[in-house]
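**Q** Provided herewith is a single structure, encoded as structure tokens, for subsequent inquiry.
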């Protein structure tokens, strides 16, 4: 799953040479929605919302979770795949902050607050908002990617708040369809040309993003959630930048400054501080289950 998601960032960067960003994102979600909804119809036999909570989940997923990724495509016009993936690794820390602000039951402990502050230091190292950089294309690209992960995080919290119990594949498929529609509208309103160059690079990137990174990637993610729980499953966020950096270097010739890599390590340290008790408990539970199975 880490490889599937990590290689998506260089694939986006490569495909942007032949397609407008919002149209590219919309077309990716169109195909992925068809594949997942076909699975929901013919395998799950459960392909439509039944309750108000289901509709709210689809709305949050479509408009926020997937609709916000348009900012990722816009941002990757100006920054590298590796930097975009590192900024996306802020997601688990943002989830803690936004859930604390939006969900009454959530509490932000002192340890979590320290972890959040460490994570923000890492973001500063990655984005580097110096006066001379404020008007550069690179800085604008980083801000757009940061906007994208903020919207994605809000979408995930919205899905959680909805209380929906639809199958994950159904929720994801319907959210992808809505997100694709939102991005198509955004593409038209922004005046993007509605044309793409069907080069081998674009076709390969597009099929990889729609089939592997989106359809199969999310199926793997939800399967992993069922097996090990959210705390361990979300650790994949910190595999993604490593894969994105390696693939971006090998495929696109990208390089990351040392300070950016340091920023990633600081963000990861902040995540460990925020989630250490939950991660420790999850690892201990997994170890106990493994020993029990061997016995």
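None of the figures in this text is laboratory data; all of them are computed from the coordinates on show. Small disclaimer: the values here were computed from a predicted structure and weren't measured. Using ideal geometry, Cβ is built from the backbone for each residue, glycine included, and neighbour counts are taken over all protein chains shown.
**Q** Ratio of region 1-127's C-alpha Rg to 2.2 N^0.38 Å, to two decimals? Before the final figure, lay out the partial values.
**A** Values: Rg = 17.7 Å, N = 127, 2.2 N^0.38 = 13.9 Å.
Compared with the compact-globule rule of thumb, region 1-127 sits at 1.28.
**Q** To continue, here is another question. What whole number of Å gives the distance from the Cα centroid of region 196-218 to the Cα centroid of region 240-281?
**A** 24
**Q** Could you tell me the extents of region 1-71's C-alpha atoms along the three principal axes, largest first, rounded to whole Å?
**A** Extents along the principal axes: 41, 24, 22 Å.
**Q** Normalise the Cα radius of gyration of region 58-120 by 2.2 N^0.38 Å (N = residues in it) and let me know the number. Intermediate results must be reported in sequence, preceding the final value.
**A** Values: Rg = 14.2 Å, N = 63, 2.2 N^0.38 = 10.6 Å.
Taking N as the residue count of region 58-120, the ratio is 1.34.
**Q** In angstroms, what radius of gyration and Dmax does region 2-294 have, counting Cα atoms only?
**A** 18.9, 61
**Q** Among 166, 1, 161, rank each residue by its count of other Cβ atoms within 10 Å, from fewest to most, as a rough exposure measure.
**A** On the way: 166 24, 1 18, 161 15.
Neighbour counts put them in this order, fewest first: 161, 1, 166.
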